[in-house]
1. Out of curiosity, is A:Leu110 in contact with a Gly (Cβ under 6 Å, 6 or more places away or on another chain), among the hydrophobic types (A, V, I, L, M, F, W, C) and at pLDDT 95 or above?
2. Return the only residue of B:Asp194, B:Asp273 being facing chain A (nearest Cβ under 10 Å) and either on the phi > 0 side of the Ramachandran plot or touching a Ser or Thr at 6+ places or on another chain (Cβ under 7 Å) (or both).
3. Here's a check for you: in the stretch B:389-399, which residue that is outside any loop (DSSP other than H, G, I, E, B) and of a type in the set (A, V, I, L, M, F, W, C) is farthest from the chain's Cα centre (by Cα)?
4. For the stretch B:253-264, which residues satisfy the criterion of being closer than 23 Å to A:Val96 by Cα and either touching a residue at least 40 places away in the same chain (Cβ under 8 Å) or facing another protein chain (nearest Cβ under 8 Å) (or both)?
5. If we scan the stretch B:299-308, do we find a residue that is touching a residue at least 12 places away in the same chain (Cβ under 8 Å), among the β-branched types (Val, Ile, Thr), under 16 Å from B:Arg334 (Cα atoms) and assigned by TED's automatic domain parsing to the domain that holds B:Pro213?
6. Name the residues in the stretch B:325-348 that are more than 13 Å from every other protein chain (Cβ to nearest Cβ) and surrounded by 21 or more Cβ atoms within 10 Å (Cβ to Cβ), would you?
7. Condition (residue is more than 30 Å from A:Pro144 (Cβ to Cβ), more than 10 Å from chain A (Cβ to nearest Cβ) and crowded, with 24+ Cβ neighbours inside 10 Å) applied to the stretch B:143-151: is it met by at least one residue?
8. Say whether the condition of being of a type in the set (Gly, Ala, Ser), at pLDDT 95 or above, assigned by TED's automatic domain parsing to the domain that holds B:Val414 and not in a strand (DSSP E or B) is met by at least one residue in the stretch B:210-217.
Amino acid sequence: MKLRFLSIVAAAALVAACESAPENTGAASGGGVSAPPPARTAPAGIVKGSKEDFIANVGDRVFYDLDKSSLRADAKATLDKQAAWLKTYQNYSFTVEGHADERGTREYNLALGERRANSVREYLIANGVAASRIKVVSYGKERPVALGSNEAAWSQNRRGVTVLN
Amino acid sequence: MSRIRLLAAVAVTLILGLASYPSPTHAEVRIDITNGQMRPLPIAIPDFIGAGGQENQVGRDIARVVSADLERSGLFKPIDPRAFIQTAASLQIQPRFPDWKAINAEALVQGKTEIGPDGRIRVEFRLWDVMSEAYMTGWTLSSSPADWRRLSHKVADAIYKRVTGEDGYFDTQIVYVAESGPKNDRKKRLAIMDQDGENHRFLTEGGELVLTPRFSPSAREITYLSYFKGVPRVYIFNLDTGRREALGNFPGMTFAPRFSPDGNKVIFSMAEDGNTEIYEMNLLTRSKTRLTNNPAIDTAPSYAPDGAQIVFESDRGGGQQLYVMGAGGGGANRISFGDGRYATPVWSPRGDLIAFTKQKGGRFFIGVMRPDGSGERLLAEGFLVEGPTWAPNGRVLAFWRDSPSDERGRGQSVRLYTIDLTGVNERVMLTPVDGSDPAWSPLIP
């Protein structure tokens, strides 16, 4: 009987591993990043048509009920405003991020986040925003914004966020 | 890559053993590990000794690793060496069984170390049944000095196997996701270590989010999810070369990967336009096959050890439940019918059970059921327990536990655990930082 085994990876290989970046297999970001249109200063000091304007005056996110990806009435109201703004400021491409709370398993939450991001995407497209401007990405439960382990936090983390490029 | 040979100095040892000592078949020492209330077997593991200082040092280290492996299994109770009567040196000549009976040892390990002129370590060990004064098993192996821990784990595996009748699982590794930083900006790195936490090293730097690593059957490759450049995709990491490559170029997010038992395929999920389906990628032909087709979330696939069936989770019936389908896809049978939601199914390497994560009443559980859905048993419970993975002998599971945090994220602790299939002997796995998503390797070839 003869046993053989491959060596544990040598430290050298590990270093090599860390230095050999993988092949880039996808677009790094949705190009089309654009400067905001010419400025007009709003009372709050926020430039109309800027990213800050979108976040402060439109609302960049919508929230979901537990384990749901359907859009609530408040979410649709926000997305109506998003659609109007995005049609006004045509230069932006954007990514819709789908997120879940921590009360689900990792892989299911990735799929759920994907569903949520697509619910936003589809609503915006139905309201006249060009599909070519939209990318989606799911983070599952990996990127909470509220840190508590309670429903108040979880309801903030079950979200779809429109991130302008 | 250097390739190290472990020279088995023969099955001859075993044959000689049978000739020279009372037959192992008369041994009384035996642990029935199917019963959760087993009594740990008192075992004496004196230092392995050699002719000189360095050989003795290695021998002490080996005995310590063997002892820790066996103790952690919950099936053995190593006796404090300070109680030993017969010296290790004297033991080399002949075990004096009354000395070992006097301290209630039921099994005794006799070990010898030698360091050759080329630096290689040679280990010889014998396992004795103290009560019947019978030889049970033994062998001689050698390795490079760097692999002395593997020699030790192989000794522990041999003892475990001889006493329990089941294969050991100590000469194995764990790959997992090492976590650090605040809860809303968690840095996640792939890390790999021996199953006892030693030889720990990071495989990625933390620049991109990584999740759900799983070993190939050779234990030389790891498939995992990486957000490299912001795009979530399945990758394969080769431990020998350090190369990472994407499984393929797909239109949607790919995730939840696992190798097939023959290593020729990776099964995974792809989400497209919000709908998640299960696909298989043939690594030899690079062809992709879709295995599910419905508007539900179908994910977390895992092959049966014979490769003929796949268990996965789906919410096609409303909530997350477990389903089994043929490896070619098509019709699937639901197997989970209890209250609550069922997720992350993983088929045991023995084929007899499927481990899963269950959510019910605001709690999480790790459980097992038979592949037909019968015989459900819950093994571990918590605020969040998730992601079971099987030790290669199908007797022990690892998983991870997360604790609740306050509004500022304080109190969170994410740790790896192991538990016996019978639901006893839960132990934390020591990792330098927090850890999640463990995957247990096969026995290292």
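The values are calculated or read from the model by the stated rules, or taken from the named source; none is laboratory data. Only a predicted model underlies this, so the values are computations on that prediction, with no experimental measurement involved. Methodologically, a virtual Cβ is constructed for each residue, glycine included, from the backbone with ideal geometry; neighbour enumeration extends over all protein chains shown.
1. yes
2. B:Asp273
3. B:Phe399
4. Selection gives B:Met253, B:Phe255, B:Ala256.
5. Taking every residue of the stretch B:299-308 in turn, at least one turns out to be touching a residue at least 12 places away in the same chain (Cβ under 8 Å), among the β-branched types (Val, Ile, Thr), under 16 Å from B:Arg334 (Cα atoms) and assigned by TED's automatic domain parsing to the domain that holds B:Pro213.
6. B:Ala332, B:Ile335, B:Ser336, B:Trp347, B:Ser348
7. yes
8. yes
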